1. Provide the FRET efficiency to the nearest 0.05 for the residue 203-residue 42 pair, computing r from the beta carbons and using R0 = 35 Å.
2. Expressed as an acute angle from 0 to 90° and rounded to the nearest 10, what is the orientation of the C-alpha long axis of helix 153-176 relative to the principal long axis of the chain?
3. Give the whole-number value, in cubic angstrom per residue, of the convex hull volume spanned by the C-alpha atoms of segment 135-176.
4. Given axes a ≥ b ≥ c from the Cα gyration tensor, I'd like to know whether segment 137-257 is rounded (a/c under 1.5), prolate (a/b larger than b/c) or oblate.
5. Please report, to two decimal places, log10 I(q)/I(0) for segment 187-257 at q = 0.13 Å⁻¹ as given by the Debye formula with identical point scatterers on the Cα atoms and no solvent.
6. For segment 1-151, build the convex hull from the C-alpha positions and give me its volume per residue in Å³.
7. What base-10 log of the normalised intensity I(q)/I(0) is obtained for segment 98-181 from the Debye formula, alpha carbons as equal point scatterers, at q = 0.11, 0.17, 0.21, 0.25 Å⁻¹?
8. In what order do 130, 1, 247 fall by count of nearby beta-carbon atoms within 10 Å, going from fewest to most?
């Protein structure tokens, strides 16, 4: 609690990070733009615990507002491809110069260095490019028939790793001072997950129905009506994870702390 986080992310991985930070008490302000595409069900799920504002960073006024917000932020979380925000003056070095002590968390598809660093990507593309679909097909006994993972595992895992890295950096900042940069990539997360090995007979698991996951769900009010969604997995005795704010449509709040 007491930490202010700017969340400049969309779709799943980055928003999962902001949602996790909010569950543990951070003041999370989600920043999107009217011209950027969005997926409604994902907004309602990953928006829990956040306020939502919109800024157009192509506009000088939008950039000026973001700079004012940055001056009072502890965390800056973004999922633009490497270099995209730097072109607007919000790369890691610029942000840390404007707000000394900042923890900057950046997500990319294929890593922040190397020949694929500048490529756009999302979970399904990275699964394909990194061999997951081939490996799943072989495990299912159907080589040559690409098979995706049963969920967006790279997205969700990356989001939680971003939040974990952010809090680890906050701890190091408290102990050592300075500004910190946390980098996570979908491809890197995929390599880590594959390194954990395959669950025996994992493909034999039946698809769960609503009753099978009932104890994992919670129903709350939201800006979209009643929301039935997966509750936070953490069970902490002294500081239980929860979302103090409901998810709301994009742009519901002003761009201000």
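Values quoted throughout were computed directly from the atomic coordinates according to the rules given, and no laboratory measurement underlies them. All values derive from a computational prediction rather than experimental measurement. Methodologically, a virtual Cβ is constructed for each residue, glycine included, from the backbone with ideal geometry; neighbour enumeration extends over all protein chains shown.
1. FRET efficiency, residue 203 to residue 42: 0.85.
2. 40 degrees
3. Convex hull of Cα atoms, per residue: 71 Å³.
4. oblate
5. -0.74
6. 131 Å³
7. These q points yield log10 I(q)/I(0) values of -0.45, -0.80, -0.99, -1.13.
8. Fewest-to-most Cβ neighbours within 10 Å comes out as 1, 130, 247.
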